[in-house]
Amino acid sequence: KPPIIQNPPINTLTQEYGSWIWDSPMKMSTNVEQNFINFASQNKINVLYVTIDDYLDIYNMPEGDAKEAKKKLYSDELENFIKLANEKDIQVDAEAGWRDWAEPTVTWKAFAIIDYVKEFNSTRTTKLRGIQYDVEPYLLSSYANSKSRVLKNFVQLVDDTSKRLGNANLRFSVVIPHFYDSEQAWTPSFAYENYTTHTFNHLL
């Protein structure tokens with residue numbers, strides 16, 4: 001019997017060709033967005049990962065009407081970008097992350113982004129396909145002397161995020177460098193939930 005697939009993805013792609021867009025929709029004109037999307041379509045790119053790190057500026061605003069108005073404007077701009085992309089049969093994932101996001105005192109940034117994406121999809125007609133982390137803990141100054149601790153925090157962040165997403169109909173992807181596996185031996189194996197292996201295997 002074929003396997004039963006639970007919660008199938010929004011759009012099943014036979015082959016994914018993606019590209020990052022490092023400008024937030026809040027900082028691009030509609031004309032600039034359309035140029036990006038047209039270029040992607042002409043080059044057979046079918047997924048765009050658009051950064052939304054700057055949403056954290058809104059998250060940190062004091063509660064009140066000003067914050068809600070800014071949040072609505074941000075969501076309107078993001079939805080407009082998704083609509084333009086979808087018209088060219090291009091899916092859009094939100095992208096966010098920084099080198100320190102897996103550190104225990106900073107994980108709130110990752111969770112704020114996750115909660116925003118979940119809320120966005122639950123309240124908007126045009127939706128994000130998924131969320132992608134671009135978290136590079138190996139760039140931390142503490143990494144050289146604390147590789148196992150830093151990488152374990154990263155695995156914990158991914159694990160906690162997966163649980164936080166729950167049954168949300170969102171793809172969750174993680175940018176992974178080639179040296180997280182055992183072949184290069186650039187990173188140590190470490191124990192996580194009673195299983196000792198390299199970061200790549202923990203993530204799988």
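I'm checking my understanding of the structure. Among residues of the stretch 14-29 that are among the charged types (D, E, K, R) and in a loop (DSSP other than H, G, I, E, B), which one is farthest from residue 70 (Cα to Cα)?
Going residue by residue through the stretch 14-29, those that are among the charged types (D, E, K, R) are 16, 23, 27.
Subsequent filtering for residues that are in a loop (DSSP other than H, G, I, E, B) retains 16, 23.
On the way: 16: 33, 23: 18 Å.
Once the filter is applied, the top-ranked residue is 16.
The set of residues in the stretch 1-23 being modelled with pLDDT under 95 and of a type in the set (S, T, N, Q) consists of 6, 7, 11, 12, 14, 15.
Kindly evaluate residue 154 against the criterion of being open to solvent by 40 Å² or more (accessible area, probe 1.4 Å), at pLDDT 95 or above and either closer than 30 Å to residue 86 by Cβ or in contact with a Pro (Cβ under 9 Å, 6 or more places away or on another chain) (or both). Write out each step before concluding.
Values: open to solvent by 40 Å² or more (accessible area, probe 1.4 Å): no; at pLDDT 95 or above: yes; either closer than 30 Å to residue 86 by Cβ or in contact with a Pro (Cβ under 9 Å, 6 or more places away or on another chain) (or both): yes.
It is false that residue 154 is open to solvent by 40 Å² or more (accessible area, probe 1.4 Å), at pLDDT 95 or above and either closer than 30 Å to residue 86 by Cβ or in contact with a Pro (Cβ under 9 Å, 6 or more places away or on another chain) (or both).
For the stretch 112-142, a tally of residues being closer than 18 Å to residue 49 by Cα and touching a Ser or Thr at 6+ places or on another chain (Cβ under 8 Å) returns 6.
When you look at residue 33, is it at pLDDT 95 or above, acidic (Asp, Glu), open to solvent by 100 Å² or more (accessible area, probe 1.4 Å) and not in a strand (DSSP E or B), yes or no? Let's see the steps before the verdict.
Working: at pLDDT 95 or above: yes; acidic (Asp, Glu): yes; open to solvent by 100 Å² or more (accessible area, probe 1.4 Å): no; not in a strand (DSSP E or B): yes.
So residue 33 does not fit the description; no.
So, in the stretch 157-175, how many residues would count as being in a loop (DSSP other than H, G, I, E, B) and surrounded by 14 or more Cβ atoms within 10 Å (Cβ to Cβ)?
Residues meeting the conditions: 3.
Considering only the stretch 76-95, I want to know if a residue exists there that is over 28 Å from residue 45 (Cβ atoms), free of Cβ contacts under 8 Å to residues at least 12 places away in the same chain and assigned to a helix (DSSP H, G or I). Checking the stretch 76-95: not a single residue is over 28 Å from residue 45 (Cβ atoms), free of Cβ contacts under 8 Å to residues at least 12 places away in the same chain and assigned to a helix (DSSP H, G or I).
Here is a list: 183, 103, 119. Which entry is surrounded by fewer than 20 Cβ atoms within 10 Å (Cβ to Cβ), assigned to a helix (DSSP H, G or I) and not β-branched (Val, Ile, Thr)?
Working: 183 fails: assigned to a helix (DSSP H, G or I); 103 fails: assigned to a helix (DSSP H, G or I).
Just a single option satisfies the conditions, and that option is 119.
Residue 74 passes every criterion in (1) surrounded by fewer than 17 Cβ atoms within 10 Å (Cβ to Cβ); (2) under 16 Å from residue 118 (Cα atoms); (3) among the hydroxyl-bearing types (Ser, Thr, Tyr) apart from (1). When the stretch 38-71 is limited to residues that are in contact (Cβ under 8 Å) with a residue 40 or more places away in the chain and more than 19 Å from the chain's Cα centre (by Cα), the one that is least open to solvent (accessible area, probe 1.4 Å) turns out to be 40. The single condition among (1) more than 22 Å from residue 20 (Cβ to Cβ); (2) buried (at least 17 other Cβ atoms within 10 Å of the Cβ); (3) not aromatic (Phe, Trp, Tyr) that residue 137 does not satisfy is (1).
The values are calculated or read from the model by the stated rules, or taken from the named source; none is laboratory data. Computed from a prediction, not measured in an experiment: that's the story for all the values here. Positions of Cβ are generated from backbone atoms using ideal geometry, with glycine treated the same way; all protein chains shown enter the neighbour counts. Areas reflect the complete protein model, heavy atoms only, side chains present, ligands, DNA and RNA absent. Shrake-Rupley method; radii C 1.70, N 1.55, O 1.52, S 1.80 Å.
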